[in-house]
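Read through the structure below, which is laid out as structure tokens, and then see the notes.
Bear in mind that the values in this text are calculations on the coordinates, not laboratory data. Only a predicted model underlies this, so the values are computations on that prediction, with no experimental measurement involved. We place every Cβ from the backbone using ideal geometry, glycine too, and count neighbours over all the protein chains shown.
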Amino acid sequence: MNQDLEKLISLHDLDIMILDLGRTDILQQEVRLGLSPDMALTELTTMREQLASTIRKRWMSLYAQITARYDNAVVPVIMQRCSGCFTRLPTAVSSADDRNEQVRTCPTCGRIIYWAD
């Protein structure tokens, strides 16, 4: 898998975890477990900043544009469909041998896509 694509997937995962920490039910669960939500948020934010600094500006710009529009900026392709907009991808895109060897976007919604198989 393309290194830039792996980093974008990891960045998206960190962003989701940071957003989840803001949810009341998650906070209550962490307090019950004796975890400090502030410490977890600080650690995740630090990890995100470190990862973001290693991603090319081109991809960070694209990621920022997509996250401004959608909650899920990076989505897997499932059964030849973008799992963001559920549109069937063109055969040329979904059957390419190098499909995870470069950063690709859905031709319909513009989200970054990857194949998890």
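Net charge around residue 89, counting only other residues with Cβ within less than 11 Å of its Cβ (Lys, Arg = +1; Asp, Glu = -1)?
Every neighbour counted, the sum reads +4.
Ignoring the sites themselves, what is the longest stretch of the chain with no trypsin sites (Lys or Arg not before Pro) in a DSSP loop and at most 13 other beta-carbon atoms within 10 Å?
Details: sites that count: 23, 56.
That gives 57-117 as the longest site-free run.
Mind giving me the nanometre distance, one decimal, between the label points for residue 87 and residue 21, set 7 Å out from Cα along Cα→Cβ?
About 3.5 nm separates the two model spin labels.
Would you calculate the convex hull of the Cα atoms in the chain and tell me its volume per residue in Å³?
That works out to 120 Å³ per residue.
Give the long-range amide H neighbours of residue 104: residues separated by 5 or more places, or on another chain, with amide H under 5 Å away, using H modelled in the peptide plane at 1.01 Å from N.
Here 113 satisfy the definition.
Using a Gaussian network for the chain with springs between C-alpha atoms less than 10 Å apart, which of these wobbles most: 90, 107, 76?
Judging by the Gaussian network model, the answer is 90.
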